[in-house]
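Undergrad: If you scroll down you'll find the structure; I have some questions about it.
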Amino acid sequence: MAQEAAEQADRKRERTAVWGKRKRYRVKGIPGVQDRFFDTSEDAKQWLATAKTDSKRGEFVDPRDGEISLAEYIEEHWWPSRTDEPSTAAPMRSRIWNHIIPLLGEVALRDVDASALRTCKPELLSRVEESTAEVIWIHLTTIFNAAVDDKRLLKNPCKVHRTVKPPKRTQKKAKAWQRGTVDSVRAVLQERYRFAVDLGLGLGLRQGEAFGLDVDDFDLEAEVVHVRRQLRWDSKGRPYFCLPKGGKTRDVPLSLTLALRAREHFRRFPSVECTLPWRNPETPTTALEARQRKPIAVRLVLSSSQGKRINYRTWNERSWKPALVAAGVLKAVGEKVQHYGGRTRRNPIFELSREDMFHVLRHTYASVQLEAGESIVSLSEWLGHSSPKITLDHYAYFMPGAGKHGLAAMDAWLTQDQQRKVSEKSLATPWITSLTVNPQIIGLIKSAERVKVKYKETSRGGLAVNVIEC
């Protein structure tokens, strides 16, 4: 007996620190699903049935995968998989790390519900303008879409909660300059930079596209300009060439006057050759990246007075904004004093006016084209928009007579309605005076005045017509 008791004691399991703390029932054996423990067998069976059904449909999401915090998911999973261009990646990263992560970063993915979003939205609007908040919300929605695809969430909380509306910017009409404003700004710019105004106004180019133009992009005989690239900078201030916005090249018609100005500019200010990386200024780490980022040489149409490529920040602050002040478009509101060694530099501080930056010339180009009656489809192609709808959304109010055609048509209708006198008995009476037929036909037509027609709907939805001669 003693020996048997000893053997039983040896076989007896030793109680560990987690004894009595674990759940008793375990579900396992589902492909791709981790084992899960439950307190009761009923809970285990119910979860097993649901998990099997969702797995067959491809809709199963393990709630434990959503326990990861939003910040951890962004930093370790979502952001490293992005392949955005440097000019896009830098501002996106800034918005996410400065706003989304501080506001929601500590919350687990599965815990981001309507309440969390309702709390986040007003805090976000207290940090940034509505236009920026709208973009940040789009980033947040994109992140949750990726979490759904990664099987960490069943649904995107930004889309399923109807009580939380995304921030929306106040719709503003695009501003276009009058001829006098354009001429005034152009006149006070340095002579070598006046052609930049011509490019923005005459071709509808974006600033980076104008600064990245090559002499060979001008086909003066065919009267067209090939927009093939733009000059951009990454977050570290390194320049590079890349495709125009949206990765879409285009051809823009060249007017005769602009062609003459182009020839004169080429003669007075010869092009400057500039060699920069393509798409990304980072040092390539693979052979593929080396091919993709291979530097290209461009004979720049626009260059600085030092014979170098134009830096957009320097150009905006030292050339464009002072010209706007001189033309009466902007005002200087202060002065910034900087000391460099023994030298002192004083730079004016200008009032904020984003709508009067270089892009206003592109809006003016669109307004001139539409007021001339140009096709929306053609203008959309010349501007490089992805669809004519975008052009309409931005510039529909520039179209001549917008809203007036309908008013004129209504006035004409109401005027005719007052002047029109038609017999209630017959619609044939007005025809009689305009017909030159024999008396018998005229008599038949006149007899129609004594005819009354009654209409009655049948049980099958048809129409029964009764003609009663009076």
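The values are calculated or read from the model by the stated rules, or taken from the named source; none is laboratory data. Not measured: the values here are computed from a predicted model. Glycine also receives a Cβ, built like all others from the backbone with ideal geometry; neighbour counts cover every protein chain displayed. Each accessible area value is taken on the protein alone, full model and side chains, heavy atoms only, with ligands, DNA and RNA left out. Shrake-Rupley method; radii C 1.70, N 1.55, O 1.52, S 1.80 Å.
Undergrad: How large is the accessible surface per residue of the stretch 157-279, computed with a 1.4 Å probe and reported in Å² as a whole number? Before the final figure, lay out each step's value.
TA: Values: 6600 Å² over 123 residues.
That works out to 54 Å² for each residue.
Undergrad: Given the pairs LYS173/LYS389; LYS248/LYS389; LYS175/LYS245, which are separated by over 18 angstrom at their Cα positions?
TA: Pairs exceeding the cut-off: LYS175/LYS245.
Undergrad: Is there a quick way to get the dipole size of the stretch 180-237? I mean about its Cα centre, with the Cβ of Lys and Arg at +1 and of Asp and Glu at -1; what is the value in debye to the nearest 20? Provide the component values of the computation, followed by the final result.
TA: Values: 8 positive and 11 negative charges, 91 e Å.
Result for the stretch 180-237 is approximately 440 debye, rounded to the nearest 20.
Undergrad: Let me ask something else. What does the charge add up to near VAL325, with Lys and Arg as +1, Asp and Glu as -1, over the other residues with Cβ less than 11 Å from its Cβ? Please list the in-between numbers first.
TA: Numbers: positive: LYS321, LYS331; negative: GLU351, ASP356.
That sum, taken over residues with Cβ under 11 Å, equals 0.
Undergrad: Give me the net charge of PRO166's neighbourhood, meaning all other residues with Cβ under 15 Å from the Cβ of PRO166; Lys, Arg count +1, Asp, Glu -1.
TA: Around PRO166, the charge tally is +4.
Undergrad: Rounding to the nearest 20 debye, state how big the charge dipole of the stretch 145-269 is about its Cα centre with +1 on each Lys and Arg Cβ and -1 on each Asp and Glu Cβ.
TA: 1200
Undergrad: Turning to a different aspect of this structure: Kindly sort SER303, SER69 by accessible area of their heavy atoms, largest first, with the probe set to 1.4 Å.
TA: From most exposed to least exposed: SER69, SER303.
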